[in-house]
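Below: one structure, written as structure tokens.
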Amino acid sequence: MALRELNSLERFLGLKKANKYSTQGGKKVPVLQNNNGPALTGLVTIACHLVKEAKRPELLGDDAEQRAVVQQWLEHRITKLDNCSKEEVKVILKDLNRYLEDKVYLAGNVFTLADILMYYGIHHIIVELAIQEKECYLNVSRWFDHIQHYPGIRHHLPPVVVLRNRVYPSGHH
Amino acid sequence: MKLFIGEGNPHCLKVLAALELSGVRCETQLVKHEEKVVPYLTHPVLPILQLPSGQHLFSPNSICQYLFDVSGQKATDATNQWLEWEATNLQPAVLQSLQLVALQGKRVEAAAVMKEPLSWLEQSLSKRKTSFLTDEVVSVADVVLWAALYPLLSDSAFEPGDLQAVRGWFERVCSVSACQSAALRVLQGKGAEALKSFLQKQPVTHTPRRDSPSNSTEAEDSERELSPEEIEEAAQVYSEGLKDFTVVTERKHPVLPQEGKRNVLITSALPYVNNVPHLGNIIGCVLSADVFARYGRLRGWNLLYICGTDEYGTATENKAREEGLTPQQICDKYHCIHASIYQWFQIDFDFFGRTTTQHQTEIAQDIFWRLHERGFLLEDTVEQLRCEGCQRFLADRFVEGECPHCRFPEARGDQCDKCGRLINAVELKNPQCKVCKETPVIRSSKHLFLNLPKLEQDLEQWLQTSTAAGDWTTNARHITRSWLRDGLKPRCITRDLKWGTPVPHPDYKEKVFYVWFDAPIGYLSITANYTDQWERWWKNPQQVELYNFMAKDNVPFHSVVFPCSLLGAQDNYTLVNNLIATEYLNYEDTKFSKSRGVGVFGDMAKDTGIPSDVWRFYLLYLRPEGQDSAFSWTDMALKNNSELLNNLGNFINRAGMFVSKFFDGCVPEMLLNDDDKRLIAQVCWELKQYIQLLDKVRIRDALKCILNMSRHGNQYIQLNEPWKKIKGGAEDRCRAGTVTGVSVNVACLLAAVLEPFMPTVSLSIRSQLQAPESSSRAMLSGPGAFICTLPAGHRIGTVSPLFQKLENEQIEALRKRFGGLQPEEESAGLKTPSNSSVAVESKPNAGAAQHTPASVTADPERAKQLTALVAEQGEKVRALKAQKAEKSAIGVEVAKLLDLKNQLCLAEGKTPEPPAQKTKKK
């Protein structure tokens, strides 16, 4: 799973030479075999490394504040979102929905690596949502739809239909 | 900028150290644990850094990173990697181990939890030449890791083993003054003790492998360390192959206890006859007991599994009146329904009987007389309502009236449905006979009571030995203990009814036994109907081990009341040794309800078209062990598709297909290398776990072991790629042969371990593989052994797929059919009236914005369902169009959509319109 995600990221970043990956342990943590340095372990670590390699540092944030926010959501993705239980999913979606109320992207007004990895990580959850649930998490759905249509992001994942107009009456959330 | 911290919060350690070290100026504020600082987070967390822009950072590591970043130390690949490892690997272990130390004082267990991450750190540090993790100076990585470990490593009583490099590094970071002052501020010199109140508020973390109710199967499959000796031993056992294992002959009825054997008697709580059992009943009793019984037979125990319908009592009389039949006719009818449902679920009883038999009368009356002779019965007068019109005393359920507590007008004679309080029937205001509606009069009537207080001492003595030696589930122990703690009172054993076992005492001619006294005796009488030598099971505690299976509401009758009857009768009865009680199974976040038509009932399961084995699998997968669980259609489809189809079925099918495609259906030669031996050892370890768990009746956990076996198998095939190697040179082809051979043997083991859970699937694997008769028994004997039961040259049969995919549409249709529709809406309507479901229903829906609100003839419930269907169908049409599907195919779906829209209009009380233009633009 993580490996496909990294391949998609590579394609988005336009990295030409294919990297070699392996996985470690039962949780299948990705490992990047690096020719000019020690191997790198961990999805976020490798993703950040690829972004730097592609000379796209703006994807990690332009200033210290933004960089910290990006890191925070990357960490959120791997510690909270991955392997969360059904009950936790609801809280995660609810919190994210409130957070995104006044934001276009996770780091505010600019698109960053946090959007990409959160999108990859949350996809399997959004796919399972009923239309009505998607409407409950309106801001998440809007953000998700936005990211899946961002050029060059989706790659290995099927599109998820998000309705633009509301089907259900409001008042449920 | 402002930093919010909490008292005794270990996460604050790192941010305080980083703050001082970075020299950034920032105000800090101490807030309470439960105080909400970040408005958008549901659960309050600390520490929080409020950035100059007003944004909040709620991840301690990101806060540290930020502080280092603004002071000029940017993140590098190396620091990122350590921070990621800390967050994903170290932190969960630290939290669990801190809880063990501070809350339970278990330092040895805590050290075991920390072993893996600490030895990884030790390895990494000993390879480095720098003083700190990434450099010669302290970086953010050092602060973060040090702070995580500090509360443990600074505790002198915590012994994590020999960690030279870690100790050296730890001391160096400790000597940094910023770290010292942060440590003092958070722990205040009290060590992990200072974190106690914080840790108590955290959810208890378990070892990820067992006991975790988490749905993520992938997380559970943590690698287990296998020692070289273990691996070698497993490979040795495997290679020895199947020795002459005496094939045991067919079960011969009647099964009777045998000298020198393990004699196991299994009962499942007797289902009450007047209703069709729902899924919760099935998993709670008969299915759980069936898995254990099948397992026991495979293990070679001498085992008898009996059950039957409980038929006497008021509820049957009521039902009979409702349906215009006699109680006997009702029992006959429903007994057949029960029997056929259990047959469909493949419940392999040795005997499925009933309680309305002559044996029941004889045995119940015998126990009664023995209790009477020994002075364990009391006589008392009870005031009761009597209906002069019907010429009889009215049992609780035959009388209705106004609740004396809440004035609810339709309270029953035993309980008020509105306020839930227990009522004594004579307290009802304006009582009415349920049958003739006349007002009953109060008359006194003599009754017999079982003198439980007199038996209490004997009971406690027996309970002590039984619960100590046997397997009693935690809930069974709790419930029993709380009954004893409250003190036992005499319990009435007679009732003024006709449909029951008659009381033989001349003074009580008109009365029958109360069902709770009568029903458990059913176990004995049903066995007596099975064999005239029933006493060899039931009056033989020396030779027989008794297992009772039930849901938790039935515990007191099996652990207190019935044992008292048997103890008082003093006839060397077999008493329960192992009491297995489940929690409740809910239906899609609500309760099963026959009256509301919510939930799946036994007779409907087969109409779903989903095979009995898949039902068994899913019910067992979510067997409510330890806590309530809930049946969910989506989850069922998911588990079927991910676990059965993609994991288990995929592996077994591939293993078999390789044999038939590449090796002409003959198992190839196997030359084991280290990879093969490792797999064999892994599978063998899972097998031993499986046996240990099932011996303790941990049915759900044992099922996970099976899935782990095939998961290991899939990984093994994936890694070794026999389908590629078969096309290579001689060496590669030989390798392909070994991998195929080992895989197909794992498949054969899977057939064995699946038998208790999915008997039909097990049988078809065995016939596809032409597995030797004795293979299952051989592998499941003793502690368990994974043996090469299909040796080189063994010819297998025709291989075919075992499972089918459950499609979304199919599942959605089933969900609708069985109610529990849109559980969110329902729960919103029931539980939180503030969400005003009424207002929601009467509003026109936005999909048809120009429509007027629903008129009087409208059906808002139906409209809601249709709205969902329209949306779904619309989605389907759009998807087809997007895929550029064939015109005709699209046309069919569009027609369905239009039809649904018309229905929706009707349900909303409107005349259907020709398709509006705007629908196109959705």
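Within segment B:549-560, how many residues turn out to be buried (at least 21 other Cβ atoms within 10 Å of the Cβ) and among the hydrophobic types (A, V, I, L, M, F, W, C)? Talk me through it step by step, then tell me what you get.
Quick first cut of segment B:549-560, residues buried (at least 21 other Cβ atoms within 10 Å of the Cβ) only: B:549-550, B:554-555, B:558-559.
If we keep only those that are among the hydrophobic types (A, V, I, L, M, F, W, C) as well, we get B:549-550, B:555.
Matching residues across segment B:549-560 total 3.
Hey, among the residues in segment B:1-55 that are under 17 Å from B:F68 (Cβ atoms) and in a loop (DSSP other than H, G, I, E, B), which one's nearest to the other protein chains (Cβ to nearest Cβ)?
Among those that are under 17 Å from B:F68 (Cβ atoms) and in a loop (DSSP other than H, G, I, E, B), it is B:L51.
Consider only pairs whose beta carbons are under 6 Å apart and that are at least six residues apart or on different chains; among these, list those whose first residue lies in segment B:112-126 and is more than 17 Å from B:V101 (Cα to Cα) and among the β-branched types (V, I, T) and whose second residue is modelled with pLDDT of 90 or more and surrounded by fewer than 20 Cβ atoms within 10 Å (Cβ to Cβ).
Here the result reads none, with nothing in segment B:112-126 linked to a residue that is modelled with pLDDT of 90 or more and surrounded by fewer than 20 Cβ atoms within 10 Å (Cβ to Cβ).
Go through (1) under 39 Å from the mean Cα position of the chain (by Cα); (2) assigned to a loop (DSSP other than H, G, I, E, B) for B:G72 and report which single condition fails.
(1)
If I filter segment B:501-530 down to residues being buried (at least 22 other Cβ atoms within 10 Å of the Cβ) and among the polar types (S, T, N, Q), which single residue comes out as nearest to the chain's Cα centre (by Cα)?
Applying the filter and picking the extreme gives B:T527.
The rows are residues; the columns are (1) surrounded by fewer than 17 Cβ atoms within 10 Å (Cβ to Cβ); (2) at pLDDT 95 or above; (3) within 19 Å of the chain's Cα centre (by Cα).
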position: B:D532; (1), (2), (3): yes, yes, no
position: B:Y547; (1), (2), (3): no, yes, no
position: B:N572; (1), (2), (3): yes, yes, no
position: B:N577; (1), (2), (3): no, yes, no
position: B:T582; (1), (2), (3): no, no, yes
position: B:G597; (1), (2), (3): yes, no, no
position: B:V600; (1), (2), (3): no, no, yes
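Can you list the helices (runs of 4 or more DSSP H) found entirely within segment B:731-827 that contain at least 3 residues being within 14 Å of chain A (Cβ to nearest Cβ) and closer than 30 Å to B:G874 by Cβ?
Values: elements: B:759-769, B:775-779, B:808-817.
Helices (runs of 4 or more DSSP H) meeting the threshold: B:808-817.
The rows are residues; the columns are (1) basic (K, R); (2) modelled with pLDDT of 95 or more; (3) buried (at least 23 other Cβ atoms within 10 Å of the Cβ); (4) closer than 27 Å to B:L780 by Cβ.
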residue	(1), (2), (3), (4)
B:Q715	no, no, no, yes
B:L719	no, no, no, no
B:W723	no, no, no, no
B:V739	no, yes, yes, yes
B:V742	no, yes, yes, yes
B:N745	no, yes, yes, yes
B:A751	no, yes, yes, yes
B:L754	no, yes, yes, yes
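Residues B:A78, B:A93, B:A17: which one is at pLDDT 90 or above, assigned by the TED database to the domain that holds B:L145, in contact with a Ser or Thr (Cβ under 6 Å, 6 or more places away or on another chain) and among the hydrophobic types (A, V, I, L, M, F, W, C)?
Going through B:A78, B:A93, B:A17 in turn, the sole match is B:A78.
Could you tell me which residue of segment A:1-23 is least open to solvent (accessible area, probe 1.4 Å), considering only residues that are among the hydroxyl-bearing types (S, T, Y) and more than 14 Å from chain B (Cβ to nearest Cβ)?
The residue in question is A:S8.
Among the numbered criteria (1) within 17 Å of the chain's Cα centre (by Cα); (2) in contact (Cβ under 8 Å) with a residue 12 or more places away in the chain, which one does B:L638 miss?
Failing condition for B:L638: (2).
Determine which member of the set A:Q66, A:Q71 is at the interface with chain B (Cβ under 8 Å from one of its Cβ atoms) and over 30 Å from B:N708 (Cβ atoms).
Values: A:Q66 fails: at the interface with chain B (Cβ under 8 Å from one of its Cβ atoms).
Residue meeting the stated conditions: A:Q71.
Hey, which of the helices (runs of 4 or more DSSP H) in segment B:425-530, taking only ones fully inside, have at least 3 residues that are at pLDDT 90 or above?
Result: B:452-469, B:474-485, B:521-530.
Spot the failing condition for B:N646; the list is (1) in contact (Cβ under 8 Å) with a residue 12 or more places away in the chain; (2) in a helix (DSSP H, G or I); (3) open to solvent by 20 Å² or more (accessible area, probe 1.4 Å), and only one is missed.
So the condition that B:N646 fails would be (1).
Quick one: in segment A:24-50, of everything that is at pLDDT below 85 and more than 10 Å from every other protein chain (Cβ to nearest Cβ), which residue is least open to solvent (accessible area, probe 1.4 Å)?
Filtering segment A:24-50 for residues that are at pLDDT below 85 and more than 10 Å from every other protein chain (Cβ to nearest Cβ), the one least open to solvent (accessible area, probe 1.4 Å) comes out as A:Q33.
Kindly evaluate B:V512 against the criterion of being aliphatic (A, V, I, L, M), touching a residue at least 40 places away in the same chain (Cβ under 8 Å) and under 30 Å from B:D332 (Cβ atoms).
In short, yes.
Looking at (1) of a type outside the set (G, A, S); (2) farther than 26 Å from B:G797 by Cβ; (3) buried (at least 19 other Cβ atoms within 10 Å of the Cβ), which one does B:K696 not meet, given that it meets all the others?
(3) is the only condition that B:K696 fails.
Out of B:I363, B:I347, B:I367, I need the residue that is in contact with a Leu (Cβ under 9 Å, 6 or more places away or on another chain), of a type in the set (V, I, T) and either assigned to a loop (DSSP other than H, G, I, E, B) or open to solvent by 40 Å² or more (accessible area, probe 1.4 Å) (or both). Which one?
Of B:I363, B:I347, B:I367, the one residue that is in contact with a Leu (Cβ under 9 Å, 6 or more places away or on another chain), of a type in the set (V, I, T) and either assigned to a loop (DSSP other than H, G, I, E, B) or open to solvent by 40 Å² or more (accessible area, probe 1.4 Å) (or both) is B:I347.
Can you tell me which residues in segment B:69-90 are open to solvent by less than 30 Å² (accessible area, probe 1.4 Å), facing chain A (nearest Cβ under 9 Å) and either more than 27 Å from B:V113 (Cα to Cα) or among the aliphatic types (A, V, I, L, M) (or both)?
The answer is B:D69, B:L83, B:A87.
Being among the small types (G, A, S) and in a helix (DSSP H, G or I) is true for just one of B:A637, B:A630. Which residue is that?
One residue alone meets the criteria, B:A637.
Among B:G389, B:G375, which is the only one that is among the small types (G, A, S) and touching an Asp or Glu at 6+ places or on another chain (Cβ under 7 Å)?
Details: B:G375 fails: touching an Asp or Glu at 6+ places or on another chain (Cβ under 7 Å).
Going through B:G389, B:G375 in turn, the sole match is B:G389.
Could you tell me how many of the residues in segment B:271-296 are modelled with pLDDT under 95 and under 24 Å from the mean Cα position of the chain (by Cα)?
12
The values are calculated or read from the model by the stated rules, or taken from the named source; none is laboratory data. What you are looking at is a predicted structure, and each value in this text was computed from that prediction instead of being measured. As a convention, Cβ positions derive from the backbone with ideal geometry for all residues, glycine included, and neighbour counts pool all protein chains shown. Only protein heavy atoms, including side chains, enter the accessible area calculation; ligands, DNA and RNA are left aside. Shrake-Rupley method; radii C 1.70, N 1.55, O 1.52, S 1.80 Å.
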